[in-house]
Ligand code: GAR
(Lines give C-alpha, C1' and ligand atoms only; values in the text may rest on other atoms or scores of the structure.)
Protein backbone atom coordinates (compact mmCIF):
# COMPACT_ATOMS: atom_id res chain seq x y z
CA UNK A 1 0.00 0.00 0.00
CA UNK A 2 1.33 3.47 -0.87
CA UNK A 3 2.25 5.82 1.94
CA UNK A 4 -0.33 8.37 3.02
CA UNK A 5 0.99 11.88 2.41
CA UNK A 6 0.37 14.06 5.39
CA UNK A 7 0.91 17.67 6.44
CA UNK A 8 1.35 18.42 10.13
CA UNK A 9 0.43 21.91 11.31
CA UNK A 10 1.92 23.21 14.54
CA UNK A 11 2.27 26.36 16.63
CA UNK A 12 4.64 25.37 19.41
CA UNK A 13 6.59 22.58 21.04
CA UNK A 14 5.52 19.91 18.57
CA UNK A 15 5.56 16.91 20.93
CA UNK A 16 2.62 15.43 18.98
CA UNK A 17 4.52 16.01 15.73
CA UNK A 18 7.51 14.19 17.27
CA UNK A 19 5.33 11.20 18.14
CA UNK A 20 4.03 10.99 14.58
CA UNK A 21 7.59 11.22 13.21
CA UNK A 22 8.73 8.46 15.61
CA UNK A 23 5.77 6.19 14.84
CA UNK A 24 6.38 6.54 11.10
CA UNK A 25 10.07 5.72 11.58
CA UNK A 26 9.14 2.69 13.70
CA UNK A 27 6.87 1.46 10.89
CA UNK A 28 3.74 1.76 13.07
CA UNK A 29 2.19 4.26 10.63
CA UNK A 30 2.49 3.81 6.85
CA UNK A 31 2.72 7.50 5.97
CA UNK A 32 5.15 10.24 5.09
CA UNK A 33 5.15 13.80 6.35
CA UNK A 34 5.31 15.88 3.18
CA UNK A 35 5.41 19.20 5.01
CA UNK A 36 5.29 20.71 8.49
CA UNK A 37 3.64 24.12 8.61
CA UNK A 38 3.95 26.50 11.55
CA UNK A 39 2.20 29.79 12.17
CA UNK A 40 4.98 30.76 14.59
CA UNK A 41 8.53 31.25 13.33
CA UNK A 42 10.06 30.20 16.66
CA UNK A 43 7.99 27.02 17.19
CA UNK A 44 10.27 24.27 18.53
CA UNK A 45 8.41 21.79 16.33
CA UNK A 46 10.18 23.36 13.32
CA UNK A 47 13.53 22.26 14.81
CA UNK A 48 12.15 18.74 15.31
CA UNK A 49 11.12 18.64 11.62
CA UNK A 50 14.46 20.03 10.40
CA UNK A 51 16.34 17.42 12.44
CA UNK A 52 14.51 14.72 10.43
CA UNK A 53 14.98 16.63 7.14
CA UNK A 54 11.25 17.22 6.75
CA UNK A 55 10.23 20.20 4.62
CA UNK A 56 8.95 23.14 6.69
CA UNK A 57 6.94 26.25 5.90
CA UNK A 58 6.19 29.24 8.10
CA UNK A 59 2.86 30.90 7.42
CA UNK A 60 2.79 33.55 10.11
CA UNK A 61 1.22 36.93 10.83
CA UNK A 62 4.55 38.69 10.40
CA UNK A 63 4.93 37.66 6.75
CA UNK A 64 1.19 37.51 5.99
CA UNK A 65 -0.59 40.05 8.23
CA UNK A 66 -3.92 39.52 6.43
CA UNK A 67 -5.83 36.37 7.35
CA UNK A 68 -6.88 35.91 3.71
CA UNK A 69 -3.25 35.91 2.58
CA UNK A 70 -2.30 33.33 5.23
CA UNK A 71 -5.16 31.13 4.04
CA UNK A 72 -4.11 31.49 0.43
CA UNK A 73 -0.52 30.57 1.28
CA UNK A 74 -1.62 27.61 3.41
CA UNK A 75 -3.89 26.36 0.62
CA UNK A 76 -0.96 26.65 -1.82
CA UNK A 77 1.47 24.81 0.48
CA UNK A 78 -0.98 21.93 1.06
CA UNK A 79 -1.81 21.74 -2.65
CA UNK A 80 1.84 21.69 -3.76
CA UNK A 81 2.63 18.94 -1.26
CA UNK A 82 -0.30 16.87 -2.59
CA UNK A 83 -1.36 15.99 0.93
CA UNK A 84 -4.12 13.48 1.60
CA UNK A 85 -4.42 14.21 5.32
CA UNK A 86 -3.84 17.37 7.34
CA UNK A 87 -3.04 16.85 11.03
CA UNK A 88 -3.53 19.81 13.36
CA UNK A 89 -1.05 18.98 16.13
CA UNK A 90 -1.31 21.98 18.43
CA UNK A 91 -2.07 24.41 15.58
CA UNK A 92 -3.66 27.30 17.39
CA UNK A 93 -5.32 29.12 14.51
CA UNK A 94 -8.80 28.63 13.07
CA UNK A 95 -8.72 26.92 9.66
CA UNK A 96 -10.50 28.90 6.91
CA UNK A 97 -13.81 27.56 5.57
CA UNK A 98 -12.45 27.20 2.02
CA UNK A 99 -9.67 24.91 3.27
CA UNK A 100 -12.18 22.87 5.30
CA UNK A 101 -14.37 22.54 2.19
CA UNK A 102 -11.48 21.43 -0.01
CA UNK A 103 -10.22 18.92 2.56
CA UNK A 104 -13.57 17.65 3.86
CA UNK A 105 -12.98 14.79 6.35
CA UNK A 106 -9.27 15.04 5.57
CA UNK A 107 -8.30 17.38 8.41
CA UNK A 108 -7.97 16.03 11.94
CA UNK A 109 -7.27 17.84 15.19
CA UNK A 110 -6.05 16.78 18.62
CA UNK A 111 -7.83 18.62 21.43
CA UNK A 112 -6.75 18.40 25.10
CA UNK A 113 -10.14 17.59 26.62
CA UNK A 114 -13.08 15.24 26.26
CA UNK A 115 -15.12 17.14 23.65
CA UNK A 116 -17.76 18.65 24.00
CA UNK A 117 -16.49 19.58 27.48
CA UNK A 118 -13.87 22.33 27.65
CA UNK A 119 -13.86 22.93 23.90
CA UNK A 120 -14.84 25.57 21.36
CA UNK A 121 -13.70 29.16 20.97
CA UNK A 122 -11.09 30.22 23.55
CA UNK A 123 -10.31 26.68 24.71
CA UNK A 124 -6.78 25.81 23.71
CA UNK A 125 -3.49 24.67 25.25
CA UNK A 126 -2.96 25.23 28.96
CA UNK A 127 -6.13 27.32 29.26
CA UNK A 128 -8.16 24.13 28.91
CA UNK A 129 -6.42 22.49 31.86
CA UNK A 130 -6.78 25.62 34.02
CA UNK A 131 -10.52 25.55 33.40
CA UNK A 132 -10.62 21.82 34.12
CA UNK A 133 -8.99 22.34 37.56
CA UNK A 134 -11.24 25.29 38.37
CA UNK A 135 -14.40 23.40 37.46
CA UNK A 136 -13.70 20.52 39.85
CA UNK A 137 -14.35 17.74 37.31
CA UNK A 138 -12.83 14.38 38.20
CA UNK A 139 -12.16 13.26 34.62
CA UNK A 140 -10.64 14.94 31.57
CA UNK A 141 -8.68 13.65 28.59
CA UNK A 142 -8.04 14.12 24.90
CA UNK A 143 -10.01 13.88 21.67
CA UNK A 144 -9.04 13.34 18.04
CA UNK A 145 -11.73 14.60 15.69
CA UNK A 146 -12.31 15.64 12.11
CA UNK A 147 -12.38 19.38 11.55
CA UNK A 148 -15.53 21.02 10.29
CA UNK A 149 -16.66 24.63 10.30
CA UNK A 150 -17.72 24.51 13.96
CA UNK A 151 -14.75 24.99 16.33
CA UNK A 152 -13.96 21.57 17.86
CA UNK A 153 -17.29 20.34 16.48
CA UNK A 154 -16.42 17.74 13.84
CA UNK A 155 -16.99 13.97 14.02
CA UNK A 156 -15.07 12.40 16.92
CA UNK A 157 -12.60 9.68 15.94
CA UNK A 158 -11.17 8.75 19.33
CA UNK A 159 -11.18 9.83 22.97
CA UNK A 160 -9.34 8.74 26.06
CA UNK A 161 -9.82 9.89 29.64
CA UNK A 162 -7.55 10.46 32.64
CA UNK A 163 -8.45 11.07 36.29
CA UNK A 164 -8.19 14.50 37.83
CA UNK A 165 -6.99 14.06 41.41
CA UNK A 166 -7.29 16.62 44.20
CA UNK A 167 -3.52 17.27 44.18
CA UNK A 168 -3.30 17.77 40.42
CA UNK A 169 -2.37 21.17 39.01
CA UNK A 170 -2.34 22.52 35.45
CA UNK A 171 1.15 21.10 34.85
CA UNK A 172 0.38 17.57 36.03
CA UNK A 173 -2.89 17.48 34.08
CA UNK A 174 -1.11 18.72 30.96
CA UNK A 175 1.51 15.99 31.35
CA UNK A 176 -1.08 13.22 31.79
CA UNK A 177 -3.18 14.51 28.88
CA UNK A 178 -0.15 14.84 26.57
CA UNK A 179 0.75 11.23 27.32
CA UNK A 180 -2.61 10.04 26.03
CA UNK A 181 -2.50 12.48 23.09
CA UNK A 182 0.73 10.75 22.07
CA UNK A 183 -1.16 7.46 22.08
CA UNK A 184 -4.44 8.36 20.34
CA UNK A 185 -3.19 10.80 17.67
CA UNK A 186 -0.76 8.34 16.02
CA UNK A 187 -3.38 5.59 16.36
CA UNK A 188 -5.95 7.74 14.54
CA UNK A 189 -3.45 8.56 11.77
CA UNK A 190 -2.59 4.85 11.48
CA UNK A 191 -6.27 3.84 11.19
CA UNK A 192 -6.90 6.54 8.56
CA UNK A 193 -3.82 5.43 6.58
CA UNK A 194 -5.24 1.88 6.63
CA UNK A 195 -8.68 3.05 5.41
CA UNK A 196 -10.30 1.93 8.65
CA UNK A 197 -12.09 5.16 9.49
CA UNK A 198 -15.50 5.94 8.01
CA UNK A 199 -17.55 9.07 8.67
CA UNK A 200 -21.28 8.37 8.96
CA UNK A 201 -23.15 11.64 9.45
CA UNK A 202 -21.61 13.22 12.52
CA UNK A 203 -20.29 9.90 13.82
CA UNK A 204 -17.21 7.85 13.05
CA UNK A 205 -17.16 4.12 12.47
CA UNK A 206 -13.86 2.34 13.15
CA UNK A 207 -13.77 -0.69 10.85
C1 GAR B 1 -1.61 19.82 22.80
O2 GAR B 1 -1.96 19.63 24.14
C3 GAR B 1 -2.85 19.91 21.93
O4 GAR B 1 -3.89 19.10 22.37
C5 GAR B 1 -3.21 21.37 22.09
O6 GAR B 1 -1.98 22.03 22.03
C7 GAR B 1 -0.96 21.20 22.59
C8 GAR B 1 0.19 21.14 21.63
O9 GAR B 1 1.26 20.41 22.18
N10 GAR B 1 -4.13 21.80 21.07
C11 GAR B 1 -5.16 22.61 21.30
O12 GAR B 1 -5.36 23.15 22.38
C13 GAR B 1 -6.08 22.85 20.11
N14 GAR B 1 -7.30 23.45 20.52
P15 GAR B 1 2.51 19.99 21.27
O16 GAR B 1 2.96 21.24 20.49
O17 GAR B 1 3.56 19.57 22.26
O18 GAR B 1 2.11 18.89 20.37
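The values are calculated or read from the model by the stated rules, or taken from the named source; none is laboratory data. None of the values given here were measured: they were computed from a predicted structure. Note that we place each Cβ from the backbone using ideal geometry, even for glycine, and neighbour counts take in every protein chain shown.
Values as computed for the structure displayed
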read-out: Evaluation of residue 77 against (1) more than 26 Å from residue 193 (Cβ to Cβ); (2) modelled with pLDDT of 95 or more (one fails), failing number; value: (1)
read-out: Filter pass, residue 103 being at pLDDT 95 or above and away from the ligand (no atom under 13 Å from the Cβ); value: yes
read-out: Test: residue in the range 54-71 that is more than 15 Å from the ligand (Cβ to nearest atom) and within 16 Å of the chain's Cα centre (by Cα); value: no
read-out: Given (1) in contact (Cβ under 8 Å) with a residue 60 or more places away in the chain; (2) within 9 Å of the ligand (Cβ to nearest atom); (3) crowded, with 18+ Cβ neighbours inside 10 Å, number of the condition residue 87 does not satisfy; value: (2)
read-out: Failed criterion for residue 131 (all others in (1) within 12 Å of the ligand (Cβ to nearest atom); (2) touching a helix residue (DSSP H, G or I) at 6+ places or on another chain (Cβ under 9 Å) hold); value: (2)
read-out: Selection count, the range 15-52, where residues are within 15 Å of the ligand (Cβ to nearest atom), within 19 Å of residue 196 (Cβ to Cβ) and over 16 Å from the mean Cα position of the chain (by Cα); value: 0
read-out: Residue, farthest from residue 197 (Cα to Cα), within the range 1-10, restricted to residues that are at pLDDT 95 or above and over 10 Å from the mean Cα position of the chain (by Cα); value: 7
read-out: Any pair with Cβ under 6 angstrom, 6 or more apart, that starts in the range 106-134 at a residue that is free of Cβ contacts under 8 Å to residues at least 24 places away in the same chain and ends at one that is part of a loop (DSSP other than H, G, I, E, B) and within 8 Å of the ligand (Cβ to nearest atom); value: 128/112
read-out: Matching option when the condition is part of a strand (DSSP E or B) and within 12 Å of the ligand (Cβ to nearest atom), among 115, 108; value: 108
